[in-house]
Structure formats: structure tokens, C-alpha cells
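Enquirer: Encoded as C-alpha cells, here's the structure I'll be asking about.
The values are calculated or read from the model by the stated rules, or taken from the named source; none is laboratory data. In this text the structure is predicted, and so the values were computed from the model without any measurement. Note: ideal-geometry Cβ built from the backbone for every residue, glycine included; neighbour counts use all protein chains shown.
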Amino acid sequence: MDPKDLQKWQREKAKELFDYSHTLLEAAKKLSEHHMAEMEWGMKNALDSAKSAAKNDLAKLKSLQEDATKEAAKRAAVYQKKVKSVLKDLGEGAADETEKHLEKVRASLVSWLEEAENKMPAHADKISKVVNEMSVTGQNMFKEGRRIVNQVADTAEKNIDELVKKSSGSKTKSD
């Protein structure tokens, strides 16, 4: 590789890493904000409970705890969706970048094969076609795998949502 090309490639990689570090930092910031909101709610709830306990107002304390339990189930579902959204965006970005790199590798391989065909003996075009088809198949497998992973994650989220609804519904019925 030519030293100028190597420097250019190194600059591109450094820029990619810098951009990705900012993406990770932004994701961490969003997750921290969501987590902080939940901590603040928990602290407020604990303070209200402590005040009621200090006043020996057991009826109000029981009411606060029941309300907090119901609210906690709702907040947990919302929190889970927020976190999933941040992680999904992060995962999609990483997969998109990987896909770009795979396409570059495939294009580089195809161009190398085209150059090599002229230098190879007869029937080299058949080998070239096989390698080209293998690289296209690999790229398609990556895309299909990505689709399947997203589908499984969505199904898991739906199952968790149904479980949360059932558990919060059964608590309400037993109260």
C-alpha cells in the first residue's frame, strides 16, 4: 500500500472512531438521563413514605406504597422502552457501518478478481464468478441475520410487554 494511501486510510479510520466515540457518548448521556429520572422518582417516593412513617400515618403509608407499586410497573415498562430505543439506534448504526465495510471489502475483492482474471489461465472466469457469488451471498446473509435479530428482539419486547400487563393486571385484581 502506498504511504499516502495508508495515511489517508488511517485518517478515515481515526475519523470513524472519533465519530463512533461521540455516538457512544450521546447514547450514554441519554441512558443517564433516563436513569436519573427514575432515581429522582424513587427518591421522591421514598421521602414521601418516610414522612408518612414518621407521622405514624399507616393508612397514608399503605396508600403511598400501593400507588408506588402501580406507578413503578408503568415506569419500568416506559424505562425499558427508552433504553431499548437507545440501544437499538446504537445497534443499527453499528450494523450500518459494518455493512458499509463489508461492501467495500466485497468491491475490493471483485475488482482484484477482475484484474486477476486476465492473468490467470483459462477457466479462471469460473473461479471469479464463484468467489463473487460467495461474497454476494455473505453480504445477503449479513442482511438477513440483521433482519432476524431485529425480529427476535421485537418479539421478545412484545412478550415482555404482555407479561408486564398480565402481572400488573393480576396485582390490581388481587388488591
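Enquirer: In the list LYS29, LYS70, LYS88, LYS82, which residue meets the criterion of being part of a helix (DSSP H, G or I), farther than 30 Å from GLU162 by Cβ and among the basic types (Lys, Arg)? Talk me through it step by step, then tell me what you get.
Expert: Details: LYS70 fails: farther than 30 Å from GLU162 by Cβ; LYS88 fails: farther than 30 Å from GLU162 by Cβ; LYS82 fails: farther than 30 Å from GLU162 by Cβ.
Exactly one residue qualifies, and that residue is LYS29.
Enquirer: Of the conditions (1) surrounded by 12 or more Cβ atoms within 10 Å (Cβ to Cβ); (2) more than 18 Å from ALA73 (Cα to Cα), SER32 fails just one. Which one is it?
Expert: (1)
Enquirer: Look at segment 19-45 and say how many of its residues are modelled with pLDDT of 85 or more and aromatic (Phe, Trp, Tyr).
Expert: 1
Enquirer: Oh, and also: Going by the structure shown, is TRP9 aromatic (Phe, Trp, Tyr) and either at pLDDT below 85 or not in a helix (DSSP H, G or I) (or both)? Lay out the reasoning, then the answer.
Expert: On the way: aromatic (Phe, Trp, Tyr): yes; either at pLDDT below 85 or not in a helix (DSSP H, G or I) (or both): yes.
In short, yes.
Enquirer: If VAL149 satisfies all but one of (1) exposed (fewer than 12 other Cβ atoms within 10 Å of the Cβ); (2) aliphatic (A, V, I, L, M); (3) modelled with pLDDT of 75 or more, what's the number of the condition it fails?
Expert: (1)
Enquirer: Next up: Checking the condition over 30 Å from ASP154 (Cα atoms) and either of a type in the set (A, V, I, L, M, F, W, C) or touching a residue at least 24 places away in the same chain (Cβ under 8 Å) (or both), which residue from ALA59, ALA73, ALA37, ALA94 passes?
Expert: Details: ALA73 fails: over 30 Å from ASP154 (Cα atoms); ALA37 fails: over 30 Å from ASP154 (Cα atoms); ALA94 fails: over 30 Å from ASP154 (Cα atoms).
Within the list ALA59, ALA73, ALA37, ALA94, the selection yields ALA59.
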